[in-house]
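Please read the structure below before turning to the comments.
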Amino acid sequence: MPQIKVIKPFAFAHRGVQVEEFQPSDEALEVSDELAEHAGLVEEGFIEIVGSAKTDDDSGDAKVTAAQLREALTARGIAFKANAPKAELQALLDAAEKTGD
């Protein structure tokens, strides 16, 4: 499960129904992929991904979350749509790595 650090208070509706309040803390919290991958939480400074959000699938390949891709693109100064699907984010990052950006 992904681990986050809450920077600014926010409420999150899990599965669009169950609302949970989050308060700033220096302690890492394990959260659902749904929360960690929510567009805008990292970009708008509400959370920081601090723990491994990678899991191994049957092929042994590590999976990267959309939140991790957004964080990597932001760190490189690469623009992307807030609602971009994970595949599009990965393509942008792959292209940047090939060109050395």
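Listed by Cβ neighbour count within 10 Å, with the fewest neighbours leading, LEU73, LEU29 appear as LEU29, LEU73. Note on ILE78, ILE4, ILE49: ascending count of other Cβ atoms within 10 Å places them as ILE78, ILE49, ILE4, the fewest first. Using only side-chain charges placed at the Cβ, +1 for Lys and Arg and -1 for Asp and Glu, the dipole size of the chain relative to its Cα centre rounds to 320 debye.
How big is the equivalent ellipsoid of the chain along its three axes, where each semi-axis is √(5λ) from the Cα gyration tensor, reported in whole Å from largest to smallest? Please list the in-between numbers first.
Working: eigenvalues 112, 52, 33 Å².
Values for the chain, descending: 24, 16, 13 Å.
For THR65, THR74, THR99, the sequence from fewest to most other C-beta atoms within 10 Å is THR99, THR74, THR65.
Quick note: the coordinates plus some simple rules give every number you see, no bench work behind them. This structure is a prediction, so every number in the text was calculated from the model and none was measured. Don't worry about glycine lacking a Cβ; one is built from the backbone with ideal geometry, like all the others, and counts go over all protein chains shown.
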